[in-house]
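The next block holds one structure in the form of structure tokens; read it before the comments.
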Amino acid sequence: MINKIKDIMTKKGKSSEEKNIEEMEDQILENQEEQSENEEENEGLDEESTDISDKDSQIAELKDKYLRLAAEFENYKRRTVKEKLNMMGTANRDTLSALLPVMDDFDRAKKNAEDENSTEPFSEGVMMVYNKLFNTLQQKGIKAMESNGEDFDPELHEAITEIPAPSNEMRGKVIDTVEKGYYLKEAILRYAKVVVGK
């Protein structure tokens with residue numbers, strides 16, 4: 001800029017120097033004014049852009065909170081539905097387990113009545129009641145465990161005693177079932193009480 005001023009001054013005479021200097025000062029003042037206006041506009045744009053970026057970050061944060069809250073609520077709904085289904089499935093557990101001794105008594109009476117030396121027959125009415133009870137318990141998900149001749153499994157069987165095995169194949173196997181075990185759907189309702197061969 002100064003070089004331009006010098007060039008202009010050398011080209012023109014001293015009389016026009018003062019005019020040129022005044023013109024140059026005016027141009028410099030105009031340039032400075034334009035620069036200050038541009039800086040003010042840039043500052044305004046910077047403030048607006050920071051306001052916009054702040055608002056964008058707030059929006060992103062609120063979206064994230066909303067998504068997390070929605071996901072948490074969905075998980076809560078699934079968990080409560082699952083808990084209700086489990087509760088409904090096992091709500092009858094106590095009642096059904098209380099009926100198992102009645103089933104055991106029926107089984108013993110039926111077994112006794114089917115014996116050839118028995119003097120007490122199993123009447124047709126009692127047999128119908130037994131079948132109805134047995135079918136009802138099956139519909140509710142109760143299933144008897146088959147234990148005789150199976151390998152002894154401490155997760156299914158409760159060993160009452162051990163007796164000498166009648167053969168080598170019966171070692172470690174269930175020889176007799178004293179009290180039947182039962183499943184309620186897939187879970188064990190009652191462990192089978194068994195005699196194991198050793």
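The values are calculated or read from the model by the stated rules, or taken from the named source; none is laboratory data. Keep in mind it's a predicted model, so treat the numbers as computed, not measured. Cβ coordinates were reconstructed from backbone atoms using ideal geometry, including for glycine residues, and neighbour counts include every protein chain displayed.
Filter segment 165-198 for residues that are of a type in the set (Val, Ile, Thr) and surrounded by fewer than 15 Cβ atoms within 10 Å (Cβ to Cβ); which is nearest to Glu155 (Cα to Cα)? Across segment 165-198, the extreme among qualifying residues is Ile188. Restricting attention to segment 111-139 and to residues that are modelled with pLDDT of 85 or more and within 26 Å of Val174 (Cβ to Cβ), the residue that is surrounded by the most Cβ atoms within 10 Å (Cβ to Cβ) turns out to be Leu137. Just so you know, in segment 95-135 the residues that are part of a helix (DSSP H, G or I) and small (Gly, Ala, Ser) include one that is farthest from Gly181 (Cα to Cα), and it is Gly125. Of all residue pairs spaced 6 or more apart or on separate chains, those with beta-carbon atoms under 7 Å, a first member in segment 144-165 that is within 22 Å of Ala187 (Cα to Cα) and a second member that is of a type outside the set (Val, Ile, Thr) and exposed (fewer than 13 other Cβ atoms within 10 Å of the Cβ) are Asp151/Gly172; Phe152/Gly172.
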